[in-house]
1. In region 13-20, is there at least one residue being modelled with pLDDT under 90, aromatic (F, W, Y) and outside any loop (DSSP other than H, G, I, E, B)?
2. Would you tally the residues in region 46-83 being modelled with pLDDT of 80 or more, more than 22 Å from Q36 (Cα to Cα) and not hydroxyl-bearing (S, T, Y)?
Amino acid sequence: MVACWNIFRWVPFGPSLLKFVFAKFVEQDRRTMELQAEGLEHNPHLMLIDDADRPAKWYFALKAAYREAKLAGGEMKHPMAGPVTLKWRS
């Protein structure tokens, strides 16, 4: 923002305009996150892509295994059999 203020110093209301636009942008993101949180309260089935979302799938599997071990009072069973190498191109 400081760089923009320095470049557009000659523009009347430049800093005020940039603050307004920035506030709208942040508000839009905040509202989107609120709506996403509302939807996630119902524990929906998440649609994850196989290769690109593999780390996310592992995270959810580890989280479930940890939760199950805590509830059962036993030792956590790791959901992965061993080391894995991911290969994909973007």
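1. Scanning region 13-20 turns up at least one residue that is modelled with pLDDT under 90, aromatic (F, W, Y) and outside any loop (DSSP other than H, G, I, E, B).
2. Residues that pass the stated criteria total 19.
The values are calculated or read from the model by the stated rules, or taken from the named source; none is laboratory data. Just so it is clear, the structure is predicted and the values come from calculations on it, not from any experiment.
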